[in-house]
Amino acid sequence: MIKYSIYIVDDESTIRNSLEFALGKTYEVRSFSSAEAALAVIPDEPPDLILLDIGLPGMNGIEALEKIKAIDYNILVIMITAFEDIKTVISAMKRGPYDYLVKPVEMEALKISIKNALESTKLRKEIQILQEKYLKENIPCFIGESDSIQDVMEFVSKVAESRDTPILITGESGTGKELIASAIHYKSPNFKGNFVAVNCAAIPKDLIESELFGYEKGAFSGASAAGKKGMIEQAEHGTLFLDEVGDLSLEAQAKLLRFLQEGEFYRVGGTRKQKVDTRVVSATNKDLNAMIKEGFFRLDLFYRLAVIQVEIPSLNQRRDDILPIAKSFLIEFCQKHGKKFNMISSDTESFLVNRVWQGNIRELRNIIERGILVGKGPELTLSDIGQGPEKLKTNTLLNPPEGQLIFPPIPDDGFSLEELNAFYIQEALEKSKGNDAKAALLLGMPYYAFRYQRKKLLKT
């Protein structure tokens, strides 16, 4: 059951006490003797409704109302006045209060006014609860307390509030870009609409137009006799997620740009304009700026897609979150596969925390699921996840004493130089914040040699 919070702002202690007594059993009530005292608390602990006296000493109620609405326009305010002067009431009502009552306040009338006011926020509260529940249960990449992911979570919550502003999500493969896009959708006003995900890299170039925009009957050989709605139409009043948008052909980019500019499009083989209200969220693990310079991506499309940019940190950049995420996967896969694991062994935890995660959260997820499937429990061990003690040396980060450079010993069964090269290329990219030229300098490699090795070893 939702319990609403009410602030009482009145300089008369008898009125504050009587209102607290009358409302305290039903609502969470706090009282303040001045507008200044209430305004100091509201930004950090906003209430659902404020009972605000107009005739306050210092800052009066009308001035306070303006400041409250500037902090959060959704806060409901019922004005209380001892003045029956119509000019005062009109002046107050222009500033957006829900209602006003004249002192002495009739308690039954006040309770009815409060009840009616809070009914208008009930749906918003229920939606918020459902959204938070969804995110907690379905977005594992949001788990963790590291500064990097907390910053992302806060930013995502802010940008999600818009209905139609395009958002571009960047980050390494496996960091959870689609999950972030899903979170944006479910925290947005569009959450009741469909979330339609399109993997641009998986659709053949000759089919991308019909998949995105749909087609009319007889548009081409093999077309359905009834025609077909495209994914853009399926996302009406919802969110269209374009994953791997960097893989779109230049022709497809031009048609997508036209839709983003005009909000209209034609189905393949159609002559009637289709108008769709949807938000476009896109994602890529590619360097779009480099692709623009090389002529593989349109600059004007980039500006349309990247009105807001969200960069997802790699798992290697948020090591404090690795174990909480791993434990959430442990619970998930125990439930899924009917297994009984209640902990992760200490050496396995050490391995997970220190491993170089080239596949990020996706790789971690796969490793935990493998361990659950092959292990016996109740403890998840290194053997369960396919890692013996001898492999620990070649798969962990090195933490040498300051000023010393230490390389890992070669194990008895040998190891892959490609794996070592991939590790240092990844490290150089992190230090250079994804700048290929700077990363190449760090490794003493020619730029084009670095680009070749990056594509070969990291598949990016």
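Annotations
A quick yes/no check of all residues on (1) among the basic types (Lys, Arg); (2) at pLDDT below 90; (3) over 16 Å from Val310 (Cα atoms):
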{"site": "Ser162", "(1), (2), (3)": "no, yes, no"}
{"site": "Ala181", "(1), (2), (3)": "no, no, no"}
{"site": "Pro189", "(1), (2), (3)": "no, yes, yes"}
{"site": "Lys205", "(1), (2), (3)": "yes, yes, yes"}
{"site": "Phe213", "(1), (2), (3)": "no, yes, yes"}
{"site": "Gly230", "(1), (2), (3)": "no, yes, yes"}
{"site": "Ala235", "(1), (2), (3)": "no, no, yes"}
{"site": "Gly238", "(1), (2), (3)": "no, no, yes"}
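- Residue in segment 333-346 that is assigned by TED's automatic domain parsing to the domain that holds Glu264 and of a type in the set (Ser, Thr, Tyr) present: no
For every residue, the table says whether it meets (1) small (Gly, Ala, Ser); (2) closer than 30 Å to Asp287 by Cα; (3) modelled with pLDDT under 85.
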| site | (1), (2), (3) |
| --- | --- |
| Cys200 | no, yes, no |
| Leu248 | no, yes, no |
| Ala254 | yes, yes, no |
| Gly263 | yes, yes, yes |
| Gly269 | yes, no, yes |
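- Qualifying residue in segment 114-134 (condition: modelled with pLDDT of 65 or more, assigned to a helix (DSSP H, G or I), more than 23 Å from Ile308 (Cβ to Cβ) and touching a helix residue (DSSP H, G or I) at 6+ places or on another chain (Cβ under 8 Å)): yes
- Of the residues making up segment 355-368, one or more are at pLDDT below 90 and either more than 20 Å from Ile312 (Cα to Cα) or part of a strand (DSSP E or B) (or both).
- Checked against (1) under 16 Å from Leu168 (Cα atoms); (2) of a type in the set (A, V, I, L, M); (3) modelled with pLDDT under 85, Ala225 meets all criteria but (1).
- Subset of segment 369-399 that is of a type in the set (A, V, I, L, M, F, W, C) and in a loop (DSSP other than H, G, I, E, B) - its residue that is modelled with the lowest pLDDT: Leu398
- As a summary of the residue check, Ala197 satisfies the conditions (1) small (Gly, Ala, Ser); (2) buried (at least 19 other Cβ atoms within 10 Å of the Cβ); (3) over 19 Å from Tyr266 (Cα atoms) except for the one numbered (2).
- Looking across segment 329-350, the residues that are polar (S, T, N, Q) and surrounded by fewer than 19 Cβ atoms within 10 Å (Cβ to Cβ) come down to Gln335, Asn342, Ser345, Ser346, Ser350.
- A search for C-beta distances below 8 Å between a residue of segment 272-292 that is closer than 25 Å to Asp164 by Cβ and any residue that is basic (Lys, Arg) and assigned to a loop (DSSP other than H, G, I, E, B), counting only pairs 6+ apart in sequence or on different chains, returns Gln274/Arg267; Arg279/Arg163; Ile292/Arg298.
- Screening Lys286, Lys205 for residues that are outside any helix (DSSP H, G or I), within 24 Å of the chain's Cα centre (by Cα) and of a type in the set (Lys, Arg) leaves exactly one candidate, Lys286.
- Pick from segment 289-328, criterion part of a helix (DSSP H, G or I) and β-branched (Val, Ile, Thr), ranking: surrounded by the fewest Cβ atoms within 10 Å (Cβ to Cβ): Ile292
- So Asp320, is it farther than 19 Å from Ser162 by Cα, in the same structural domain as Glu363 (by TED's automatic domain parsing) and not hydrophobic (A, V, I, L, M, F, W, C): yes
- Of the strands (runs of 3 or more DSSP E) entirely within segment 230-282, those holding at least 1 residues that are aromatic (Phe, Trp, Tyr) and more than 16 Å from Ala197 (Cα to Cα) occupy 264-266.
The values are calculated or read from the model by the stated rules, or taken from the named source; none is laboratory data. Fair warning: this is a prediction, and the values are worked out from it, not measured in the lab. Counting neighbours? That spans all protein chains shown, and the Cβs are built from the backbone with ideal geometry, glycine included.
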